[in-house]
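In what follows, a structure is listed as structure tokens, so that the remarks can point back to it.
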Amino acid sequence: MAHTVPGYIGEKQSVQNRLRRIEGQVRGLQRMVDEDVYCIDILTQVAAATKALETVALGLLDEHLRHCVTDAVRAGGDEAEVKLAEASDAIARLVRS
């Protein structure tokens, strides 16, 4: 199966910026542990980083549905079924996490 241009390509810089901020949050978590910060304070920051990752994931999923899946459905055929199954699997993984 050939992959086309990612649906998020127009938002690539924004996605990268968000991921860099999350990377900074995770480094901050490491520092907090190194500095023996109170557990609840660390857990609060873990929740914030988790929420930030979920936001990125939902944005990527939205772009995938709007572009990749929509284009495949318009084209029809087996590719449409494959893209719908991929999207369904991705949603299931997000719900389970």
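Inside the stretch 65-87, can you point out the residues that are open to solvent by less than 70 Å² (accessible area, probe 1.4 Å) and either touching a Ser or Thr at 6+ places or on another chain (Cβ under 8 Å) or of a type in the set (Gly, Ala, Ser) (or both)?
Our first condition is that a residue be open to solvent by less than 70 Å² (accessible area, probe 1.4 Å); within the stretch 65-87, this holds for 65, 68-70, 72, 76-77, 79-80, 82-83, 85-87.
Matches in the stretch 65-87: Cys68, Ala72, Gly76, Gly77, Ala80, Ala85, Ala87.
So Tyr38 fits all but one of (1) among the hydroxyl-bearing types (Ser, Thr, Tyr); (2) open to solvent by less than 90 Å² (accessible area, probe 1.4 Å); (3) modelled with pLDDT of 95 or more; what number is the exception?
Tyr38 satisfies every listed condition except (2).
Quick one: in the stretch 1-15, of everything that is exposed (fewer than 12 other Cβ atoms within 10 Å of the Cβ) and at pLDDT 90 or above, which residue is farthest from Ala85 (Cα to Cα)?
Gln13
The values are calculated or read from the model by the stated rules, or taken from the named source; none is laboratory data. Since the structure is predicted, the reported quantities are computational estimates derived from the model, not experimental observations. Neighbour counts run over all protein chains shown; Cβ positions are idealised from the backbone, glycine included. Heads up: the accessible areas ignore ligands, DNA and RNA and are worked out on the full protein's heavy atoms, side chains in. Shrake-Rupley method; radii C 1.70, N 1.55, O 1.52, S 1.80 Å.
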